[in-house]
1. Might you check whether a residue that is more than 29 Å from Leu67 (Cβ to Cβ), over 15 Å from the mean Cα position of the chain (by Cα) and part of a loop (DSSP other than H, G, I, E, B) occurs anywhere in segment 27-39?
2. It is to be established whether one or more residues within segment 31-41 are touching a residue at least 24 places away in the same chain (Cβ under 8 Å) and of a type outside the set (D, E, K, R).
3. Kindly evaluate Gly73 against the criterion of being part of a loop (DSSP other than H, G, I, E, B) and either polar (S, T, N, Q) or modelled with pLDDT of 95 or more (or both).
4. Anything in segment 1-11 that is over 14 Å from Glu63 (Cα atoms) and part of a helix (DSSP H, G or I)? List them, or say none.
5. Please state which of the following conditions Lys4 fails to meet, knowing it meets all the rest: (1) at pLDDT below 95; (2) loosely packed, with under 12 Cβ neighbours inside 10 Å; (3) more than 20 Å from the chain's Cα centre (by Cα).
6. Look at Ala55 and say whether it is within 13 Å of the chain's Cα centre (by Cα), on the phi < 0 side of the Ramachandran plot and of a type outside the set (Asp, Glu).
Amino acid sequence: MSEKTNLEKLRILLPHWIEHSQSHQDEFRKWVEVARTEGQAEAAARIDRALALMADTDQALEEALELLGGKLGEHHHHGHHHH
């Protein structure tokens, strides 16, 4: 088995980073509600803003992964048909 190239490593890392980010976002959403319940609407709004920025980050990471050929080990579909 040959050693993975840097691009192959990146195709492994990107999905992990996206998943990790999404797990943090799930946790943040819970705490937004806590902040609101505790009367901290401004703090909740800032966490909401962070969530929106994280969603933008995830989108950029997903686009990078797509440009690299998708998640390593998965067949990459280009939306065309073979006849």
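1. Within segment 27-39, one or more residues are more than 29 Å from Leu67 (Cβ to Cβ), over 15 Å from the mean Cα position of the chain (by Cα) and part of a loop (DSSP other than H, G, I, E, B).
2. Within segment 31-41, the subset touching a residue at least 24 places away in the same chain (Cβ under 8 Å) is none.
No, the conditions are met nowhere in segment 31-41.
3. Answer is no for this residue.
4. Step one: filter segment 1-11 for residues over 14 Å from Glu63 (Cα atoms), giving 1-9.
Once the filter is applied, which keeps residues that are over 14 Å from Glu63 (Cα atoms) and part of a helix (DSSP H, G or I), segment 1-11 yields Asn6, Leu7, Glu8, Lys9.
5. Evaluating Lys4 over (1) at pLDDT below 95; (2) loosely packed, with under 12 Cβ neighbours inside 10 Å; (3) more than 20 Å from the chain's Cα centre (by Cα) leaves (2) as the failure.
6. Numbers: within 13 Å of the chain's Cα centre (by Cα): yes; on the phi < 0 side of the Ramachandran plot: yes; of a type outside the set (Asp, Glu): yes.
The answer is yes for Ala55.
The values are calculated or read from the model by the stated rules, or taken from the named source; none is laboratory data. These numbers were taken from a predicted model, which means no experiment stands behind them. Positions of Cβ are generated from backbone atoms using ideal geometry, with glycine treated the same way; all protein chains shown enter the neighbour counts.
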